[in-house]
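Novice: First the structure, then my questions, so here it is.
The values are calculated or read from the model by the stated rules, or taken from the named source; none is laboratory data. Since we're looking at a predicted model, the values are computed, not measured. Glycine also receives a Cβ, built like all others from the backbone with ideal geometry; neighbour counts cover every protein chain displayed. These area figures cover heavy atoms from the full protein model, side chains too; ligands, DNA and RNA do not enter into them. Shrake-Rupley method; radii C 1.70, N 1.55, O 1.52, S 1.80 Å.
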Amino acid sequence: MNPFELLKNTQALKEQSEKIQNELANITAEGSSGGRMVTVKVNGRFEMISIKLDPICVDNRDVQMLQDLIVAAHKSAMENVQEQIKSKTSSLLGGMDLSQFGL
């Protein structure tokens, strides 16, 4: 194996990785629950960037329901962003299956 070829391939992989990271930074996805009473937005780095609550679901007598709705909306947003990541990275990675990496 030629060490110069290995270095060239490593540089290409680094550039590809940086390109993917930049692409992921621009992805956002929403998820909702309870008929859109709770809406959560996450980015491509799996960070929650916003949450919207319909005032009707803010009832101090049923905090458990609101907690469940938030968790469900977050789960939905995470699934949506994972689908976008798969779609975007599959074209960048030449169709490589990312499920082996947990995505």
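Novice: At a probe radius of 1.4 Å, what is the per-residue accessible area of Thr28, in Å² to the nearest 10?
Specialist: Rounded to the nearest 10, that gives 70 Å².
Novice: Per the 1.4 Å probe, what fraction of the accessible area of the chain, in percent, lies on carbon and sulfur atoms?
Specialist: Using a 1.4 Å probe with all protein chains present, the chain comes out at 54 percent carbon and sulfur.
Novice: From the phi angles alone, apply the Karplus equation (6.51, -1.76, 1.60; θ = phi - 60°) to segment 11-19 and give each ³J(HN,Hα) in whole Hz, x where the residue is Gly or Pro.
Specialist: Per residue, the Karplus-derived 3J(HN,Hα) values read 5, 5, 5, 5, 5, 5, 4, 5, 5 Hz.
Novice: Under Stokes-Einstein, with the Kirkwood radius over Cα pairs standing in for Rh, what whole-number D in µm²/s applies to the chain at 25 °C and 0.890 mPa s? Each step should come with its number before you reach the end.
Specialist: Details: Rh = 15.8 Å.
In µm²/s, the coefficient rounds to 156.
Novice: On to the next question. Taking the Cα centre of segment 25-97 as origin and charging only Cβ (+1 Lys, Arg; -1 Asp, Glu), how large is the dipole, in debye to the nearest 20?
Specialist: Using Cβ point charges on Lys, Arg, Asp and Glu, segment 25-97 gives about 200 debye.
Novice: Return one number: the angle in degrees, 0 to 90 and rounded to the nearest 10, between the long axis of the Cα atoms of helix 63-92 and the longest principal axis of the Cα atoms of the chain.
Specialist: Between helix and principal axis, roughly 20 degrees.
Novice: In addition: Hey, in the GNM for the chain with a 10 angstrom Cα cutoff, which one of Leu13, Leu53, Leu66 fluctuates hardest?
Specialist: Leu13
Novice: From the residues Pro55, Ser87, Ile20, which one has its Cα farthest along the dipole of the chain in the positive direction, the dipole being from +1 and -1 charges on Cβ of Lys/Arg and Asp/Glu about the Cα centre?
Specialist: Among Pro55, Ser87, Ile20, the one farthest towards the positive end of the dipole of the chain is Ile20.
Novice: Then there is this: How much net charge surrounds Glu30 when only other residues with a Cβ under 13 Å from its Cβ are counted (Lys, Arg +1; Asp, Glu -1)?
Specialist: Numbers: positive: Arg36, Lys41, Lys52, Lys75; negative: Glu79, Glu83.
After counting each charged neighbour, the total is +2.
Novice: Pop out the ³J(HN,Hα) list for segment 31-46 in order, Karplus 6.51 cos²θ - 1.76 cosθ + 1.60 with θ = phi - 60°, rounded to Hz; leave Gly and Pro as x.
Specialist: Couplings: x, 9, 8, x, x, 6, 5, 10, 10, 10, 10, 10, 9, x, 9, 6 Hz.
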